[in-house]
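A short reminder: the numbers here are calculations on the coordinates, not readings from a lab. A quick note: this is a predicted structure, and the numbers were derived from the prediction, not measured. Don't worry about glycine lacking a Cβ; one is built from the backbone with ideal geometry, like all the others, and counts go over all protein chains shown.
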Amino acid sequence: MALRDSNLTKLDGGTFDVIIVGGGINGASSAAALAAHGASVALVDRGDFAGFTSMESSNLVWGGFKYLENYEFKLVRHLCVSRNKLIRSYPANLREIRFLAALDEHSPYKPWFAGMGSTAYWAIGDFFTRPPAVLSAKGVKDREPVINTSDVEGGIEYSDAYIVDNDSRFVFSFVRAALNVGAVCANYVEVTSAQRNKSEGSRGLWNVEMRDTHSGENYFARARVVINATGPFVDDFNKEVKVSTKHKIVYSKGIHLIVPRLTNNERVLAFFDDTERLFYVIPMGPRSVIGTTDERVDEPYTHVTTQDRDFLLDQINKRLDMHDPLTPQDIIAARCGVRPLVVEASDDEDSETDWTALSRKHSMEVSAQNSFISIFGGKLTDCVNIGNEVLAAVRKLGVALDRTGKTWYGEPKKATRDEFFRQARLMGLNKLRKGRAFETLATRLWRRYGLRAFAMLEAIRDDPSMADDVIEGADYVRVELHYAAQTEMITKLDDFLRRRSKIALVLGYDEIKNADGMQEACELLFGEQAQERFDEYFTEKREAEFRALRQP
């Protein structure tokens, strides 16, 4: 944890242009944008980076096709432009993917009408993706034989994009980008007090007190501007620092079930459930992700209930033509989180507002009087827009930023990528490995690490065992583990298994706990604390939750 320790040292007693509270997608992209434009930035999160809402997404980057039904054309345009920008900027991390929507009696629209909508969606997105198509029931079956088309009237096919690896891994890439240009970033650091000193001598600086939730140590820093990027907790933090806003957050709970791969085709299957709400089957390497649900809840802490699980299994079993229907025993893991949805602060909690129709738009409020910015809502697709809006807002608050218009996001240039794959090809890393059907090791290393993957090639040249899997079936090799221990601020085992990698999503509890490589991983990541971190993760409570998820 040397990198984290060095950042904590820089944090304590420091004076920054901006302190960002919250290390989800909004906070991470804001930090990357500001640091790249010359601001001194500190980013802290009371948990791990992307440790809450940002790790429970559908892994989709999309323009919001379904928002067209509420005539939110401006929002859809906004998101489509962002989606296109992300596809261009992250060709290894994001890919265009076809969505195949099968429309039956539960679908609110006929295929011809949905086809008109998909064409409009394509046009709003500047015809950037492959064109949509309207399909007959036979056309749906021909494209995806696993779909049960007995009640299907037809369908549509259109394009959006998805994150190939893992949402939290993608978020961490912005944290890493911020670190690369001088930002101070630390996970497991909770803000315990933030007050703005308005006296003349202090220049109106915020005094921010913090506590390391891992060690209990206290820290203090100052900042000209504070940004509240705490996602579902934005209202709570604003209340703590006595900042009033025009907006607030309500919560919509969504779950995903992760099961063995249901189709070998790399496309998203879309259905309307019995309540006429959309849900999907999304590819994730060797697995399929089924979800999501949409349920109003009153607090951000949620869990998968038996009713949630049974509802999704029932819905997907009705719509797929499988030899053996899915059962709870097929579930490998689950995702469960809340969407922070933006409403007017004046809205009554018991009003007749149709909260299920609320979109994932974001809203940003700037208090010039307090030098304070609140970010409400948002989604992964919107990250570049949020970063750019934060740049403009911080500039208006008087922080001098570089005005060269430099790009603060994206992967290395194509020439650099080509050189990496040339070297990887000479080493034989560009071939599918035995038992691997989805991608080569070279592809995965470049996607996850970019420029840093060159050092990994060097390590593999020196020691070929660095290319060996740490845990069978996890798609994670030894050189990645060494890199993670040095540069990824892994503080708890869950950081490694769930967020820097997706091991806890593609392997079951028992497979991970009993894996031969777990001891090596813990010793390398945590040293003398290896057994403590292992026991902290593999608790009776976590095991009971896994058993309950799979219990008939």
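Report the extension gain between Thr15 and Asn265 in nm, rounded to one decimal, defined as 0.36 nm multiplied by the number of residues separating them, less their alpha carbon distance.
Between Thr15 and Asn265, full extension yields 84.8 nm more.
Spatially close Lys pairs in segment 414-550, defined by Cα atoms under 20 Å apart and a spacing of eight or more places or different chains, total 5. Computed extension length for Asp468-Glu344: 39.4 nm, one decimal, from 0.36 nm per residue of separation with the Cα-Cα distance subtracted.
Here segment 126-217 is treated with +1 on each Lys and Arg Cβ and -1 on each Asp and Glu Cβ, and its dipole about the Cα centre works out to around 320 debye.
In straight-distance terms, cross-link reach from Lys239 covers every one of the lysines whose alpha-carbon lies under 17 Å from its own, apart from those fewer than eight places away in the same chain; here that gives Lys248.
Between Arg422 and Leu3, the simple label model (points 7 Å from Cα in the Cβ direction) yields a spacing of 2.8 nm. Using R0 = 35 Å, the C-beta based FRET efficiency linking Ser367 and Thr404 works out to 0.80. Return the subset of Lys85/Lys379; Lys246/Lys379; Lys66/Lys361; Lys198/Lys406; Lys66/Lys253 for which the Cα-Cα distance in this structure is over 23 Å, preserving the input order. Beyond 23 Å between Cα atoms: Lys198/Lys406.
Placing +1 on the Cβ of every Lys and Arg and -1 on the Cβ of every Asp and Glu, with no other charges, gives segment 414-550 a dipole of roughly 940 debye about its Cα centre. Considering only beta bridges that DSSP places wholly inside the chain, some 75 percent are antiparallel. Once Kirkwood radius over Cα pairs in Å is calculated for the structure shown, the corresponding label among (1) 26.0; (2) 24.5; (3) 29.2 turns out to be (2).
Label-to-label distance for Glu209 and Glu240 is 1.2 nm, based on points extended 7 Å past Cα in the beta-carbon direction. In plain terms, the chain from Lys198 to Glu439 could stretch by 81.2 nm, reckoned as 0.36 nm per residue minus the Cα-Cα distance. Given an 8 Å cut-off on Cα distances and at least 6 residues of separation, report the relative contact order of segment 414-550 as a percent. It rounds to 15 percent for segment 414-550.
Computed from the C-beta positions of Ala459 and Glu276 and an R0 of 51 Å, the FRET efficiency is 0.45 to the nearest 0.05.
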